[in-house]
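J.: Sharing a structure with you now.
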Amino acid sequence: MSTTMVAPHSKRPIADDKVFAANKKAQEAAKKVGAEQVINSTLGALMEDDGSLSVMQSVMKTFKDLPDAEIAAYAPIAGLPDFQQAAEKAVFDEYRPAGHVRAVATPGGSGGIRHAVWNYMEAGDTMLTADWYWAPYKTITEEHGRKLDTFQLFDENKAFNLPSFKEKVEELLGKQERLLIMMNTPAHNPTGYSLTEEEWKEVLDYLKEKQAKDQKKIILYLDIAYIDFAGDMKTSRGFMKQFENLPESILVLVGYSMSKAFTFYGLRCGALLCLSSSEEIADEFMAAGTFSSRACWSNGTRGAQKLLAKVYSDESLLKKVNEERDSFKKLLETRAHAFVEEAEMVGLEIFPYRAGFFITIPCENPDKVADELAKNHLFLLPLGRGLRFAPCAVSEAKCRKSVRFIKEAMDKVNG
Ligand SMILES: Cc1ncc(COP(=O)(O)O)c(C=O)c1O
């Protein structure tokens, strides 16, 4: 008799999450040889140079000063109204496109992806994203009985591959009535790429033309988990103005997360927003999202919601928070710049990095290269066809040192 107790659809391999497994190895090495000797570039969280977690003190203080009841009480299912307004401001700043916007509170950015996969895809439908993508996209689609397919993010010149994007949209819209397209930009995980305003124009021109021709439904999901580390407001959000006046059958969803922006990973707070030229479609979004929240997690973390509302209702506090985040952003930029500069010097090929927590090195046999690197106590994330290095987690000096280690390990493994 089979010893399986879970229902067939939930039979999963027993395996550690790859990132957390790599982090565990790095921590074990640190215990043996000392933290100074170890380069732990595994986690997508901002770390101080000494490897401790960076925490925004202005944010933490505001949270701790909240009245007990604002932390302990339930929040409304879709989120506190002042949180919803604050999330809208945080997402768009001065670049709010005209249209109907609604927001539903979610546990981090992950919750928004879940709701979109469930509510904007039919069973068995396929979601489209770039071939370099954050692994949970696949987990979430699979969990909900949906599939994932990819377009090539870069062409042979490492430029945004619009023809591949178009080809995949054509293919999938030939098979299904609606298509959810997941775009993680700016500061893409894992490459650090950001689409330019011009590239966005080309994407939107094509989607509008395609929608007019086929009369199918397109849901464009913007995963902006890293937006507050992607340059200034204009650089990070300027492209959003182009989402104005889209046809009703092109719906924009935006997945906002407080995890990185407020260094509040564990508090699990974010929001899923919609932008539509139709009020009816926006209201429908709200109804579906609220129902889904009730079904999945009931309501969100009230204290985190109140925190965002407080920050955005107090100009001097917002300034303070932004200044503190800017100092983290500068540190991250210095580290990433050091890696990119060193890579150019030693001839290590990387994908175009614009901003964010990660840099990707395309390479053959990534698992073997990662094992080789572990001998030098350098731990990073092997991907299917490359290595993900996380400048967010290591000092500038270690970023520079890592480039040479990676080049040597790749030469050794791949010749
Ligand atoms: C690409 C991307 N999207 C979304 C998220 C959402 O994270 P969270 O659910 O912690 O807010 C992450 C976090 O690592 C991410 O890398």
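J.: Scan the range 12-22 for residues that are closer than 16 Å to Asp367 by Cβ and under 19 Å from the mean Cα position of the chain (by Cα) and jot them down.
T.: Asp17, Lys18, Val19
J.: Something else: Step by step: first the residues of the range 213-238, then only those that are touching a Ser or Thr at 6+ places or on another chain (Cβ under 9 Å) and open to solvent by 60 Å² or more (accessible area, probe 1.4 Å), then the one that is farthest from Ala116 (Cα to Cα). Which residue is that?
T.: If we take residues in the range 213-238 being touching a Ser or Thr at 6+ places or on another chain (Cβ under 9 Å) and open to solvent by 60 Å² or more (accessible area, probe 1.4 Å), then Thr235 is farthest from Ala116 (Cα to Cα).
J.: Just name the residue that is surrounded by the most Cβ atoms within 10 Å (Cβ to Cβ) out of those in the range 239-293 that are within 16 Å of the ligand (Cβ to nearest atom) and among the basic types (Lys, Arg).
T.: Lys260
J.: Of (1) open to solvent by 40 Å² or more (accessible area, probe 1.4 Å); (2) over 22 Å from the mean Cα position of the chain (by Cα); (3) within 25 Å of Trp134 (Cβ to Cβ), Leu331 satisfies all except one. Which?
T.: (2)
J.: Just give me the residues in the range 53-105 being aliphatic (A, V, I, L, M) and either open to solvent by 30 Å² or more (accessible area, probe 1.4 Å) or modelled with pLDDT under 95 (or both), in sequence order.
T.: Leu53, Val55, Met60, Ala69, Ile71, Ala72, Ala73, Ile77, Ala98
J.: Which one of the conditions (1) part of a helix (DSSP H, G or I); (2) closer than 20 Å to Ser164 by Cβ does Thr191 fail to meet, given that it meets all the rest?
T.: (1)
J.: I've got another one for you. Just to be sure before I move on: is Glu28 of a type in the set (D, E, K, R), surrounded by 14 or more Cβ atoms within 10 Å (Cβ to Cβ) and part of a helix (DSSP H, G or I) in the structure I sent?
T.: no
J.: Looking only at the range 113-134, how many residues end up being in a loop (DSSP other than H, G, I, E, B) and more than 9 Å from the ligand (Cβ to nearest atom)?
T.: Result for the range 113-134: 8.
J.: Shifting gears a bit: Given the structure, is Met127 touching a helix residue (DSSP H, G or I) at 6+ places or on another chain (Cβ under 7 Å), open to solvent by less than 40 Å² (accessible area, probe 1.4 Å) and assigned by TED's automatic domain parsing to the domain that holds Gly174?
T.: So Met127 passes the test.
J.: Would you say Ser41 is touching a strand residue (DSSP E or B) at 6+ places or on another chain (Cβ under 6 Å) and either over 30 Å from Asn322 (Cβ atoms) or surrounded by 15 or more Cβ atoms within 10 Å (Cβ to Cβ) (or both)?
T.: Here the answer is yes, as Ser41 does meet what is asked.
J.: Another question about this same structure. Which one of Leu275, Leu307 is of a type outside the set (D, E, K, R) and out of contact with any strand residue (DSSP E or B) (no Cβ under 7 Å at 6 or more places or on another chain)?
T.: Testing whether each residue is of a type outside the set (D, E, K, R) and out of contact with any strand residue (DSSP E or B) (no Cβ under 7 Å at 6 or more places or on another chain) leaves just Leu307.
J.: I would also like to ask the following. At least 1 residues that are more than 16 Å from the ligand (Cβ to nearest atom) and under 28 Å from Gly238 (Cα atoms) in each: list the helices (runs of 4 or more DSSP H) lying fully within the range 42-112 that qualify.
T.: Correct list: 57-64, 81-92.
J.: Further question: Just the residues that are surrounded by fewer than 20 Cβ atoms within 10 Å (Cβ to Cβ), of a type outside the set (Lys, Arg) and either at negative phi or touching a helix residue (DSSP H, G or I) at 6+ places or on another chain (Cβ under 7 Å) (or both), please, taken from the range 396-415.
T.: Glu396, Ala397, Phe405, Glu408, Asp411, Val413, Asn414
J.: Turning to a different aspect of this structure: Could you pull out the residue among Arg146, Arg114 that is among the charged types (D, E, K, R), without any contact (Cβ under 8 Å) to a residue 60 or more places away in the chain and open to solvent by less than 40 Å² (accessible area, probe 1.4 Å)?
T.: None of the others qualify; the one that does is Arg146.
J.: State yes or no: is Leu180 within 16 Å of the ligand (Cβ to nearest atom), over 30 Å from Phe328 (Cβ atoms) and either touching a residue at least 12 places away in the same chain (Cβ under 8 Å) or not in a helix (DSSP H, G or I) (or both)?
T.: Against the criterion (within 16 Å of the ligand (Cβ to nearest atom), over 30 Å from Phe328 (Cβ atoms) and either touching a residue at least 12 places away in the same chain (Cβ under 8 Å) or not in a helix (DSSP H, G or I) (or both)), Leu180 qualifies.
The values are calculated or read from the model by the stated rules, or taken from the named source; none is laboratory data. All of these numbers come straight from a predicted model, not from anything done at the bench. Counting neighbours? That spans all protein chains shown, and the Cβs are built from the backbone with ideal geometry, glycine included. Ligands, DNA and RNA are stripped out before the accessible areas are found, and what is left, the full protein with its side chains, is counted by its heavy atoms. Shrake-Rupley method; radii C 1.70, N 1.55, O 1.52, S 1.80 Å.
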